[in-house]
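Engineer: Handing you this structure, nothing more for now.
The values are calculated or read from the model by the stated rules, or taken from the named source; none is laboratory data. Because the structure is a prediction, the values reported are computed rather than measured. Here Cβ is always computed from backbone atoms with ideal geometry, including for glycine, and neighbour counts include all displayed protein chains.
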Amino acid sequence: GAGVSQSPRYKVAKRGQDVALRCDPISGHVSLFWYQQALGQGPEFLTYFQNEAQLDKSGLPSDRFFAERPEGSVSTLKIQRTQQEDSAVYLCASSLRRQENQPQHFGDGTRLSIL
Amino acid sequence: ILNVEQSPQSLHVQEGDSTNFTCSFPSSNFYALHWYRWETAKSPEALFVMTLNGDEKKKGRISATLNTKEGYSYLYIKGSQPEDSATYLCAFISGSNYKLTFGKGTLLTVNP
């Protein structure tokens, strides 16, 4: 497709379950970012990939969060043993290169609710 | 910790009104400022990327200015329309470290 695609759009899970969120970036985009947006807050940086290399994971809130991009295209954000505080919108964004003066292209997000 | 503040938090205007809101950010080690519009149930859409002090950018009825020395940017909407209703997010990049630090956004509602 033409834009960044995220799936699922909505995910409801019980506390303690594992979840996996998928991001399909724009074809050819080298850089991929994950953000977490809690209610009433702005998006917060989680992690950054350049091709298949995870260059920065400093924003991941705990070791229950894991992200991968094995072939430098599709990325998966996995959350293990989910907690209620993980409820948020998870946004994925891509850009052609690591160019800070170019906009990032965002997907629609996955709204995760932990019961 | 970088602090990006947006004001007001929310704003209600009538169709046809012009409006503006503010993004403030650290004035040291500035690299770029991004503005995004986020409509409900859609993806955030890039409006502007601003890099130079004194920059003014325009896209239709929307324009933005940038003052890096004092650390603020204004977003202006002329003749607001109901379809302008959205959350407007600004995001700051410090140095050249690629990370966007977002404000909490300004929620604009334009009443017909």
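Engineer: With the requirement that a residue be facing chain B (nearest Cβ under 9 Å) and more than 19 Å from B:H34 (Cβ to Cβ), what does the stretch A:10-49 give you? Give the steps one after another, and end with the answer.
Structural biologist: First, the residues of the stretch A:10-49 that are facing chain B (nearest Cβ under 9 Å): A:31, A:33, A:35, A:37, A:40-45, A:48.
Selection gives A:G40 alone.
Engineer: Related question: Could you list, in sequence order, the residues of the stretch A:20-71 that are charged (D, E, K, R), closer than 13 Å to A:L91 by Cβ and part of a loop (DSSP other than H, G, I, E, B)?
Structural biologist: Those that are charged (D, E, K, R), closer than 13 Å to A:L91 by Cβ and part of a loop (DSSP other than H, G, I, E, B): none in the stretch A:20-71.
Engineer: Given the residues B:S80, B:S94, which is the only one that is over 30 Å from A:T47 (Cβ atoms) and either touching a Leu at 6+ places or on another chain (Cβ under 8 Å) or not hydroxyl-bearing (S, T, Y) (or both)? Outline the logic, then answer.
Structural biologist: On the way: B:S94 fails: over 30 Å from A:T47 (Cβ atoms).
One residue alone meets the criteria, B:S80.
Engineer: Take the residues in the stretch B:72-101 that are in contact with an Asp or Glu (Cβ under 7 Å, 6 or more places away or on another chain) and not hydroxyl-bearing (S, T, Y); name whichever of them is surrounded by the fewest Cβ atoms within 10 Å (Cβ to Cβ).
Structural biologist: Of all residues in the stretch B:72-101, those in contact with an Asp or Glu (Cβ under 7 Å, 6 or more places away or on another chain) come to B:77, B:80-82, B:86, B:93, B:96, B:98.
Next cut, not hydroxyl-bearing (S, T, Y) only: B:77, B:81-82, B:86, B:93.
Values: B:I77: 22, B:Q81: 12, B:P82: 10, B:A86: 20, B:I93: 22.
Filtering the stretch B:72-101 for residues that are in contact with an Asp or Glu (Cβ under 7 Å, 6 or more places away or on another chain) and not hydroxyl-bearing (S, T, Y), the one surrounded by the fewest Cβ atoms within 10 Å (Cβ to Cβ) comes out as B:P82.
Engineer: Testing A:G40 on (1) over 10 Å from the mean Cα position of the chain (by Cα); (2) within 25 Å of A:Q102 (Cβ to Cβ); (3) of a type outside the set (S, T, N, Q), one condition comes back false. Which one is that?
Structural biologist: Against the list (1) over 10 Å from the mean Cα position of the chain (by Cα); (2) within 25 Å of A:Q102 (Cβ to Cβ); (3) of a type outside the set (S, T, N, Q), A:G40 comes up short only on (2).
Engineer: Moving on. Among the residues that make up the stretch A:67-77, is at least one of them crowded, with 21+ Cβ neighbours inside 10 Å and within 11 Å of chain B (Cβ to nearest Cβ)?
Structural biologist: The answer is no, given that none of the residues of the stretch A:67-77 is crowded, with 21+ Cβ neighbours inside 10 Å and within 11 Å of chain B (Cβ to nearest Cβ).
Engineer: Could you look through the stretch A:1-41, keep only residues that are at pLDDT below 95 and of a type in the set (S, T, Y), and pick out the one that is surrounded by the fewest Cβ atoms within 10 Å (Cβ to Cβ)?
Structural biologist: Residue satisfying both the conditions and the ranking: A:S27.
Engineer: I need the strands (runs of 3 or more DSSP E) fully contained in the stretch B:1-74, keeping only those with at least 1 residues that are charged (D, E, K, R).
Structural biologist: Working: elements: B:5-7, B:10-14, B:19-24, B:30-38, B:45-50, B:56-59, B:62-67.
Ranges flagged: B:5-7, B:30-38, B:45-50, B:56-59.
Engineer: Please work out if B:A32 is within 24 Å of A:Q36 (Cα to Cα) and exposed (fewer than 14 other Cβ atoms within 10 Å of the Cβ). Quick ask: steps written out before the conclusion?
Structural biologist: Details: within 24 Å of A:Q36 (Cα to Cα): yes; exposed (fewer than 14 other Cβ atoms within 10 Å of the Cβ): no.
For B:A32, the condition - within 24 Å of A:Q36 (Cα to Cα) and exposed (fewer than 14 other Cβ atoms within 10 Å of the Cβ) - is not met.
Engineer: Given the conditions (1) closer than 23 Å to B:K104 by Cβ; (2) within 14 Å of chain B (Cβ to nearest Cβ); (3) buried (at least 21 other Cβ atoms within 10 Å of the Cβ); (4) more than 10 Å from the chain's Cα centre (by Cα), and given that A:G59 satisfies all but one, which numbered condition is not satisfied?
Structural biologist: Result: A:G59 passes all but (3).
Engineer: If I filter the stretch B:75-104 down to residues being assigned to a loop (DSSP other than H, G, I, E, B), touching a residue at least 60 places away in the same chain (Cβ under 8 Å) and within 15 Å of B:T19 (Cα to Cα), which single residue comes out as farthest from the other protein chains (Cβ to nearest Cβ)?
Structural biologist: Step by step, filter the stretch B:75-104, then rank; the result is B:G79.
Engineer: Could you pull out the residue among B:G79, B:G103 that is over 21 Å from A:L91 (Cα atoms) and not aromatic (F, W, Y)? Before you say what the answer is, go through the steps one by one.
Structural biologist: Details: B:G103 fails: over 21 Å from A:L91 (Cα atoms).
Step by step, each of B:G79, B:G103 is checked, and only B:G79 is over 21 Å from A:L91 (Cα atoms) and not aromatic (F, W, Y).
Engineer: Is one or more of the residues making up the stretch A:93-113 within 14 Å of chain B (Cβ to nearest Cβ), surrounded by 20 or more Cβ atoms within 10 Å (Cβ to Cβ) and of a type in the set (A, V, I, L, M, F, W, C)?
Structural biologist: Yes: the stretch A:93-113 contains one or more residues that are within 14 Å of chain B (Cβ to nearest Cβ), surrounded by 20 or more Cβ atoms within 10 Å (Cβ to Cβ) and of a type in the set (A, V, I, L, M, F, W, C).
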